[in-house]
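Colleague: Encoded as structure tokens, here's the structure I'll be asking about.
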Amino acid sequence: MREVSVIGVGMVPFAKYREKTLAEIGWPAVKAAIEDAGVEKRDIEAAYCGSALGGMMSGQRVLKQLGITGLPITNVENACSSSSSAFRQAYIAVAAGVYDMVLVLGVEKLTKFGGGTLPLEKEDFEVTHGLVMPALYGMRARRYMHDYGLTKEQLAQVAVKAHKHGAKNEDAQYRNEVTVEEVMEAREIAEPFTLLHCCPSGDGAAAVVIASAEKARQYTTKPVRVACSEVNSGKYVTGFRDMTTPEITVRGAKQAYEEAHIGPEDVDVAEVHDAFTIAELLYYEALGFCNKGDAAKLLEDGETSIGGRIPVNPSGGLLSKGHPIGATGAAQIVEVVRQLRGQAGNRQVDGAKVALTHCTGGGISGFDHGACSIHMFSV
Amino acid sequence: MAQSAEEMHEQPLLAGDAVRVETDGGAKLVGIVCGDCEAKVFPPVPVCPECMSENVSEIELSDQGSLYTWSVVHVAPKNWKVPYTAGYVDLPEGVRVFAHIVGADSDKLEMDMPMFLTTAVLGQDEAGPVESYAFTPVAK
């Protein structure tokens, strides 16, 4: 397998673009990534588009706006991991030598559903009985609070940290700081969560241009190396499972670290899937940033804030930057590439050399999660 | 004279094959046991997810279990009556069942407390009230 580099990134600010079509939301991200890479659109040999709810031919609908057509376009659906899974497919194609330069796109328009909780697959038994994503994470939170003594105040601190970071990100949907009291007093969604414990619904797009390392050197002296690329599906369990341990992330992280020959202690910055406050704490543990049960302490000690030992979600994460689900994986990659290039402005993690992105999702009966994707990057 | 099961439940219960209505109007949860690897699964499926055997047969599951976790849901699709409490109940067969928790204030719920099977109207759709199985705390 050949070495692969990221040479261009771009995104549109996550927001509610009710008046725009999916194609109108998507093309500026693609154009920005191509311009950032300094390549011509004819240099792009193939494209992979991740979207969970964008409908048929999301990639073609976006790319025709820029006349990027006639090339192989593959649309990838993997719930919240859609564009990170698309990135994985693109990576494999370049690493295997099939293509030298490929575009990855993530795009989503959730405002078309008019608000409320994310629409889930109605064939699923638990969904037919009233399972919604906030309840699923809320049940995880409740069990974790019981088993590890986590308090509601500590849980609220995750949202406080997310918004503190997001306030520095011009691509974030919410750029306001919040207090623990504001988090705890917001309207209730699914206990123990109030609105500010939950990622917002919204729209957005992000794009990445990757190339073989050899090709990348023609365009940049500072390529960002893809250190590993990993996608897993959850293990279906008919019986009891420990909901305080996200098994798919634990398993995926082990594989990712082995593939990259990098350990959790080497990671300088991470973007993780904080769809709800509890999720970020579970992933600190699953990704090996701290031991089981120590996540709240890691947060309280400031270790996961910008300036700490392992800053997590400097972009604001899903809670503050927003979560147009199919676009999230690509947007995480946009953020860490900016961090590794030293282009993250006033939210820059100083001296970041190794970055990790983690994107997981899909509420289906019997799974911790349906899909999970972990990528690592280095300079 | 006692009402028949059909009269007591205006619509078929939401859970379909996963719940069996008794002549007294009570309900039983139905799962499958695999004739080859003995895996037990809820709701019923035609093929065993452990060993792919289609030699599966229906079994009635226990009425009693323990509450693994729960959440009080305030925002949900419009057919549900909010707020409602949703939880996972672990049955002695080694099967975990997602269910609405009824008949108790949520602040009275406790981790791992014993629960008992019941039925309840959980919401409303175009055809009328939505009714299904649910769990309720065992009276102390």
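The values are calculated or read from the model by the stated rules, or taken from the named source; none is laboratory data. Here the structure is a predicted model, which is why all the values come from computation and not from measurement. A quick note on method: Cβ atoms are made from the backbone with ideal geometry, for glycine too, and the neighbour counts reach across all protein chains shown.
Colleague: Give the residue that is farthest from the other protein chains (Cβ to nearest Cβ), with candidates limited to residues of the stretch A:151-197 that are part of a loop (DSSP other than H, G, I, E, B) and of a type in the set (Gly, Ala, Ser). Talk me through it step by step, then tell me what you get.
Modeller: First, the residues of the stretch A:151-197 that are part of a loop (DSSP other than H, G, I, E, B): A:151, A:167-179, A:186-187, A:191-192.
From what is left, the residues that are of a type in the set (Gly, Ala, Ser) are A:167, A:172, A:186.
Values: A:167: 26, A:172: 23, A:186: 11 Å.
Once the filter is applied, the top-ranked residue is A:167.
Colleague: Suppose we filter the stretch A:212-260 for residues that are in contact with a Gly (Cβ under 7 Å, 6 or more places away or on another chain), among the aliphatic types (A, V, I, L, M) and either within 14 Å of chain B (Cβ to nearest Cβ) or assigned to a loop (DSSP other than H, G, I, E, B) (or both); how many remain?
Modeller: 1
Residues are listed down the side, and each one gets a yes or a no for (1) among the hydroxyl-bearing types (Ser, Thr, Tyr); (2) under 23 Å from residue A:203 (Cα atoms):
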| site | (1), (2) |
| --- | --- |
| A:80 | no, yes |
| A:85 | yes, yes |
| A:89 | no, no |
| A:102 | no, no |
| A:107 | no, yes |
| A:119 | no, yes |
| A:123 | no, no |
| A:128 | yes, no |
| A:132 | no, yes |
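Colleague: Now, a different point. Can you spot a residue in the stretch A:22-38 that is in a loop (DSSP other than H, G, I, E, B) and more than 19 Å from residue A:333 (Cα to Cα)?
Modeller: Within the stretch A:22-38, none of the residues are in a loop (DSSP other than H, G, I, E, B) and more than 19 Å from residue A:333 (Cα to Cα).
Colleague: Quick check on this structure: which one of A:355, A:330 is at pLDDT 95 or above, in contact with a strand residue (DSSP E or B) (Cβ under 9 Å, 6 or more places away or on another chain), crowded, with 24+ Cβ neighbours inside 10 Å and more than 17 Å from residue A:283 (Cβ to Cβ)?
Modeller: The unique qualifying residue is A:330.
Colleague: Then there's this: Which one of A:200, A:134 is within 14 Å of chain B (Cβ to nearest Cβ), outside any helix (DSSP H, G or I) and under 20 Å from residue A:321 (Cβ atoms)?
Modeller: A:200
Colleague: Return the pairs, sorted by first residue and then second, in which the second residue is assigned to a loop (DSSP other than H, G, I, E, B), the first residue lies in the stretch A:171-182 and is among the polar types (S, T, N, Q), the beta carbons are less than 8 Å apart, and the residues are 6+ apart or on different chains.
Modeller: Sorted first by the residue in the stretch A:171-182, then by its partner, the pairs are A:173/A:16; A:173/A:200; A:173/A:202; A:173/A:321; A:173/A:322; A:176/A:167.
Colleague: Does residue A:302 satisfy the criteria of being crowded, with 21+ Cβ neighbours inside 10 Å, out of contact with any helix residue (DSSP H, G or I) (no Cβ under 7 Å at 6 or more places or on another chain) and not in a helix (DSSP H, G or I)?
Modeller: no
Colleague: Would the stretch A:147-158 turn up any residue that is crowded, with 20+ Cβ neighbours inside 10 Å, within 24 Å of the chain's Cα centre (by Cα), more than 27 Å from residue A:50 (Cα to Cα) and free of Cβ contacts under 8 Å to residues at least 40 places away in the same chain?
Modeller: Restricting attention to the stretch A:147-158, the residues satisfying the condition of being crowded, with 20+ Cβ neighbours inside 10 Å are A:150, A:155-156, A:158.
Pick out the ones that are also within 24 Å of the chain's Cα centre (by Cα) and you get A:155-156, A:158.
Still in the running and more than 27 Å from residue A:50 (Cα to Cα): A:155-156, A:158.
Filter again for free of Cβ contacts under 8 Å to residues at least 40 places away in the same chain, leaving none.
There is no residue in the stretch A:147-158 that is crowded, with 20+ Cβ neighbours inside 10 Å, within 24 Å of the chain's Cα centre (by Cα), more than 27 Å from residue A:50 (Cα to Cα) and free of Cβ contacts under 8 Å to residues at least 40 places away in the same chain.
Colleague: Might you let me know whether the stretch B:114-124 holds any residue that is of a type outside the set (Val, Ile, Thr), surrounded by 17 or more Cβ atoms within 10 Å (Cβ to Cβ) and farther than 19 Å from residue B:81 by Cβ?
Modeller: So far as the stretch B:114-124 goes, yes, one or more of its residues are of a type outside the set (Val, Ile, Thr), surrounded by 17 or more Cβ atoms within 10 Å (Cβ to Cβ) and farther than 19 Å from residue B:81 by Cβ.
Colleague: Turning to a different aspect of this structure: From the list B:81, B:28, B:40, B:108, pick out the single residue that is within 9 Å of chain A (Cβ to nearest Cβ) and charged (D, E, K, R).
Modeller: B:40
Colleague: Taking the condition of being at pLDDT 95 or above, assigned to a loop (DSSP other than H, G, I, E, B) and crowded, with 21+ Cβ neighbours inside 10 Å, how many residues in the stretch B:75-99 meet it?
Modeller: Residues that pass the stated criteria total 2.
Colleague: Scan the stretch A:53-72 and tell me whether some residue there is closer than 24 Å to residue A:271 by Cα and buried (at least 24 other Cβ atoms within 10 Å of the Cβ).
Modeller: Filtering the stretch A:53-72 for residues closer than 24 Å to residue A:271 by Cα gives A:53-54.
Still in the running and buried (at least 24 other Cβ atoms within 10 Å of the Cβ): A:54.
Yes, the conditions are met somewhere in the stretch A:53-72.
Colleague: Of all residues in the stretch A:3-21, which are in a loop (DSSP other than H, G, I, E, B) and either out of contact with any Gly (no Cβ under 6 Å at 6 or more places or on another chain) or closer than 11 Å to residue A:103 by Cβ (or both)?
Modeller: Result: A:3, A:17, A:18, A:19, A:20, A:21.
Colleague: Here is a further query. Could you list all residues from the stretch A:28-45 that are in contact with a strand residue (DSSP E or B) (Cβ under 8 Å, 6 or more places away or on another chain) and either surrounded by fewer than 18 Cβ atoms within 10 Å (Cβ to Cβ) or of a type outside the set (Gly, Ala, Ser) (or both)? Don't jump to the end; show me each part of the working.
Modeller: Looking only at the stretch A:28-45, we keep the residues that are in contact with a strand residue (DSSP E or B) (Cβ under 8 Å, 6 or more places away or on another chain), and these are A:28-39, A:43-45.
Result: A:28, A:30, A:31, A:34, A:35, A:36, A:38, A:39, A:43, A:44, A:45.
Colleague: Something else now. Exactly one condition in (1) crowded, with 24+ Cβ neighbours inside 10 Å; (2) in a helix (DSSP H, G or I) is not met by residue A:102; state its number.
Modeller: (2)
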